[in-house]
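Single-structure report; data block below.
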Amino acid sequence: MKFRFRYAVLPCLLPAFAAACSTEATHRRPNIFDDEESFAAVTFSSNADSLFLSWELTDDRIQFDSYRITDNKSQQVLTVGRDETSCLLTHVPYNEPVAVNLSLVAGGEVVKTAKTDVVIDGLDKTTAATLIPDRGSVTGGDGTYSIPLPDGRSIFLMGDSYIGPVTNGQRPTSDHMFRNTYILYDEGRVSAIYGAGGDGNASAAVPPGVSDESRKWYWPGHGFVEGNTLYVFQTVMYQGAEGMWGFRYETTDILEYELPSLTLRRTTRIPFRGSEDIHYGMAALNDGDYVYVYAQVDVTNDADPISEVLVARTTPAKLCTDWEYYTGSGWSTDPSAAERLEGLASVPVSSQFNVFRLRDKYVLLTQNKRYNSGEIYTFTSDSPAGPWRNKQLIYRIPAMENRKLFTYNAMAHPQFEKDGMILVSYNVNTEEFSQQFSDVSTYRPRFFWIGIDRILNSKR
């Protein structure tokens, strides 16, 4: 099911233009473009790819019939009546100057034009506030996998999370961090799932036999739906060293939830037995005849990382018992025969990524794993196992003013579609843990929309 989002605009106006002049003879006030000959004072705000322009006519001597609004990137042309004072431009490119023209038109001819360069970051703050509100659900976290459910809902699989209320951008330092939570999205409403086994301080999912989640816990991989069952891959992690980066991977479990109640039926270890550097379940795709389970492999995990992707296939009936591994030319039951997928070597694939169907293609979306690179790429293929081609740098994350922030693990949510675009997220975190409490924006995912044609076509 495709969720349709309406365009929404948040207030982020430029500084107010200069105070009005009192000269009645000219009926003119200065405007933000510092152009003494301009006829209007213009302000703007933006949300995602949408630019909301508003203006006030400062010279009422000009005779005209309508306003015409254009930009030099999308080539769109909007015409509104002379009594209008605002308009909405969509599909405005991100992170680059866009020249916007507000023209007066009389008899079909442009009489006068006011111009400005606008730069927007493309972030959808309205969607972000819906999915990660200040109260009533998960109010901070990372991970941000999503799975569409058969009844039209979506479930978001979150990593370390907070559910406590946020006031004025802050949370109490006593707020409890959960190792994982689920967000249930239902027609614009969200709710948090946590408290496995009836323990209100427990995460949404806890490894069997674990009573202390500070030492061993689940972080989510991806998942899929088959019939009335939701399958979620949860990676078993443990604290193997001191400090923020001391976590280690042990293995992956498969959790089966009954739908629509989301009641946990059982937990089973994946059948793969091999290197702890091979993390199966980081992406999953139910493609009808087979379920494909992808692994991210760290070859080197340093300042210049190298990673690979492997894939296994199975059926829902054999998900917990029998896998076949892609060998580069076929499939084998021997996991050591697995070969890296072709076409991805130019980008170190992040620890979490996803693979999905888009129109008649398969798409792999990943963020460059190099620390804070900010580059989000897609690759396309005719097969779930590749070869992967058509590398596209679809988004470059804007530089953070707070140098302690870093971004990672971008994720597509193709069940959310709007005007030929799909929703994409990336995670934001901070090297200074206390900032998660003093400024909650330092630990919340960001969302933007990317055109389907941009992903599928080899040219922009």
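Annotations for the structure displayed:
- Total residues in segment 365-380, condition within 20 Å of Asp453 (Cα to Cα) and surrounded by fewer than 20 Cβ atoms within 10 Å (Cβ to Cβ): 1
- Unmet criterion (only one of (1) in contact with a Phe, Trp or Tyr (Cβ under 9 Å, 6 or more places away or on another chain); (2) open to solvent by less than 10 Å² (accessible area, probe 1.4 Å)) for Arg153: (2)
- For segment 266-300, the set of residues classified as under 15 Å from Phe353 (Cα atoms), in contact with a Ser or Thr (Cβ under 9 Å, 6 or more places away or on another chain) and of a type outside the set (Gly, Ala, Ser) consists of His279, Tyr280, Met282, Tyr292, Val293, Gln296, Val297, Asp298, listed by residue number.
- Test: residue in segment 429-448 that is open to solvent by 10 Å² or more (accessible area, probe 1.4 Å), hydroxyl-bearing (Ser, Thr, Tyr) and assigned to a strand (DSSP E or B): no
- Entirely in segment 240-345, the strands (runs of 3 or more DSSP E) that have 1 or more residues that are among the charged types (D, E, K, R) and more than 30 Å from Gly197 (Cβ to Cβ): 291-300, 306-314, 324-326
- Every residue from segment 156-170 that is open to solvent by 40 Å² or more (accessible area, probe 1.4 Å) and either in contact with a helix residue (DSSP H, G or I) (Cβ under 9 Å, 6 or more places away or on another chain) or of a type in the set (Gly, Ala, Ser) (or both): Gln170
- Verdict on Asp142 being of a type in the set (D, E, K, R), at pLDDT 95 or above and under 30 Å from Ile394 (Cβ atoms): yes
- Options Asn409, Asn372, Asn390; residue that is polar (S, T, N, Q), in contact with a strand residue (DSSP E or B) (Cβ under 9 Å, 6 or more places away or on another chain), in contact (Cβ under 8 Å) with a residue 12 or more places away in the chain and closer than 23 Å to Phe178 by Cα: Asn409
- The number of residues in segment 55-68 being touching a strand residue (DSSP E or B) at 6+ places or on another chain (Cβ under 9 Å) and either part of a loop (DSSP other than H, G, I, E, B) or at pLDDT below 95 (or both) comes to 9.
- Residue list for segment 171-189, restricted to those being surrounded by 13 or more Cβ atoms within 10 Å (Cβ to Cβ) and within 22 Å of Asp439 (Cα to Cα): Arg171, Asp175, Met177, Phe178, Arg179, Asn180, Thr181, Ile183
- Checking Arg357 against (1) within 19 Å of the chain's Cα centre (by Cα); (2) at pLDDT 95 or above; (3) farther than 15 Å from Asp287 by Cα, the condition it does not meet: (3)
- Within segment 68-90, residues that are more than 13 Å from Ser103 (Cα to Cα) have Cβ atoms under 8 Å from residues that are part of a loop (DSSP other than H, G, I, E, B) and charged (D, E, K, R) in these pairs: Lys73/Glu96; Thr90/Asp49; Thr90/Asp419, counting only partners at least 6 apart in sequence or on another chain.
- In segment 128-149, the residues that are part of a helix (DSSP H, G or I) and farther than 13 Å from Ser191 by Cβ: Ala128, Ala129
- Close pairs from segment 214-237: first within 16 Å of Arg153 (Cβ to Cβ) and in a strand (DSSP E or B), partner aliphatic (A, V, I, L, M) and open to solvent by 10 Å² or more (accessible area, probe 1.4 Å), Cβ under 6 Å, at least 6 apart: Leu230/Leu259
- If you go through segment 75-127 and keep only what is among the aliphatic types (A, V, I, L, M), loosely packed, with under 13 Cβ neighbours inside 10 Å and in a loop (DSSP other than H, G, I, E, B), you end up with nothing.
- Residue among Lys361, Lys391 that alone is of a type outside the set (Val, Ile, Thr), in contact with a helix residue (DSSP H, G or I) (Cβ under 8 Å, 6 or more places away or on another chain) and open to solvent by 10 Å² or more (accessible area, probe 1.4 Å): Lys361
The values are calculated or read from the model by the stated rules, or taken from the named source; none is laboratory data. Treat the numbers as computed from the prediction; the structure is a model and nothing was measured. Reconstructed Cβ throughout: ideal geometry from the backbone, glycine too, with neighbour counts over all protein chains shown. Accessible surface is based on the protein model in full, side chains and every heavy atom, while ligands, DNA and RNA are left aside. Shrake-Rupley method; radii C 1.70, N 1.55, O 1.52, S 1.80 Å.
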